[in-house]
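A short worksheet on the structure shown next.
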Amino acid sequence: MYSVEVSHIAKAFGSNQAVKDVSFQVRPGEIFGLLGPNGAGKTTSIRMLLDIFKPDAGEIAVLGGGITEEKKNRIGYMPEERGMYQDIPLERCLVYFGQLKGLTKSEIDHRLEGWLGMFDLSAHRKKKVKELSKGMQQKAQIIATLLHEPELIIIDEPFTALDPVNTQMIKDLLISQRDKGVTILMSTHQMHQVEELCDRILLVHKGEDLLYGKLADIRKQFASHAVQVRASGQIPELKGITGREPVNGGWMLRLDAEITPQDVLTQLVNAHVIVDQFEIAEPSLDQIFIEVVAEENADAISEAS
């Protein structure tokens, strides 16, 4: 059973077709990346999943069926827009959100102490939310999302306003939640975060699916016929190399169609080159994202003309 199943959903707001045709499944205990540029339909898809919006077409199953009030208490949702009440103290705000999810006051008090300490917010618990920095408010939202120990976490741009230290802490926290069997659906356009955290992804553009599957498989699909080499000393002229360019302290060697990466490595070894790094060059998710979106935009312009 999937934690989330979305099949051919669509949603329009007047003449604006926010989501045209989106399908994906999220497996239990995985971190799944829902990606796309601004306006791609990611947030609208999430809101349909949570029953905030009703889809115009398609089907959605969450935790084994339709969404219910009971299931909502098993879900932790952090929207991109900050949803904290600005004019009340932080602690009171978090207690309120915990009670909305069915926790008793004693359960909240027991759990909150640890969360506030983890996020260095204990000294700020009596401050009004609006008096906190943007980073502190983001950490407070994460506490509100996880306080009731949900089995499905849905987070929209979780790293906004966080410094590198807190960003790493959130990454570690998400990984630890996944390792406990919690399912995480993460929506973002920060590709480097996705590469570190997600095993599978869906790339959405203009309300439609573009790429879906394992990140490793997608990167192989877009890999060029090249290798990345870093060596001690000079790399000699090699058979079958059509070009070379410096990258990350080493060289990107582009191969002709008749040569394999293994052939290149053999030549380097035979030339007594001390190889520090040798790997098949695969594009970053940023590069894939730019390539696919640009190609889709070009096709749309071509069809329109």
Output the qualifying pairs, or none if there are none: Cβ atoms under 8 angstrom, residues six or more apart or on different chains, first residue in the range 241-259 and within 10 Å of residue 228 (Cα to Cα), second residue of a type in the set (Asp, Glu) and surrounded by 14 or more Cβ atoms within 10 Å (Cβ to Cβ). none
Mind checking whether some residue in the range 92-100 is under 23 Å from the mean Cα position of the chain (by Cα) and either more than 30 Å from residue 2 (Cα to Cα) or of a type outside the set (A, V, I, L, M, F, W, C) (or both)? no
Matching entry among 45, 23 (being assigned to a helix (DSSP H, G or I), in contact (Cβ under 8 Å) with a residue 60 or more places away in the chain and either farther than 30 Å from residue 128 by Cα or in contact with a Phe, Trp or Tyr (Cβ under 8 Å, 6 or more places away or on another chain) (or both)): 45
With respect to residue 242, is the statement that it is among the hydroxyl-bearing types (Ser, Thr, Tyr) and part of a strand (DSSP E or B) true? yes
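Condition first: among the hydroxyl-bearing types (Ser, Thr, Tyr) and either at positive phi or surrounded by 13 or more Cβ atoms within 10 Å (Cβ to Cβ) (or both). Now tell me which residues in the range 77-128 satisfy that.
77, 85, 96, 122
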If you take the residues in the range 51-71 that are under 22 Å from the mean Cα position of the chain (by Cα) and surrounded by fewer than 17 Cβ atoms within 10 Å (Cβ to Cβ), which one is farthest from residue 161 (Cα to Cα)? 51
Identify the residue in the range 86-128 that is out of contact with any strand residue (DSSP E or B) (no Cβ under 9 Å at 6 or more places or on another chain) and not in a helix (DSSP H, G or I) and, among all such residues, is nearest to residue 188 (Cα to Cα). 119
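Bear in mind these aren't lab numbers, they're just calculated from the coordinates by the rules spelled out. Source: prediction; values computed, not measured. Please note: Cβ atoms are built from the backbone with ideal geometry, for glycine as well, and neighbour counts cover all protein chains shown.
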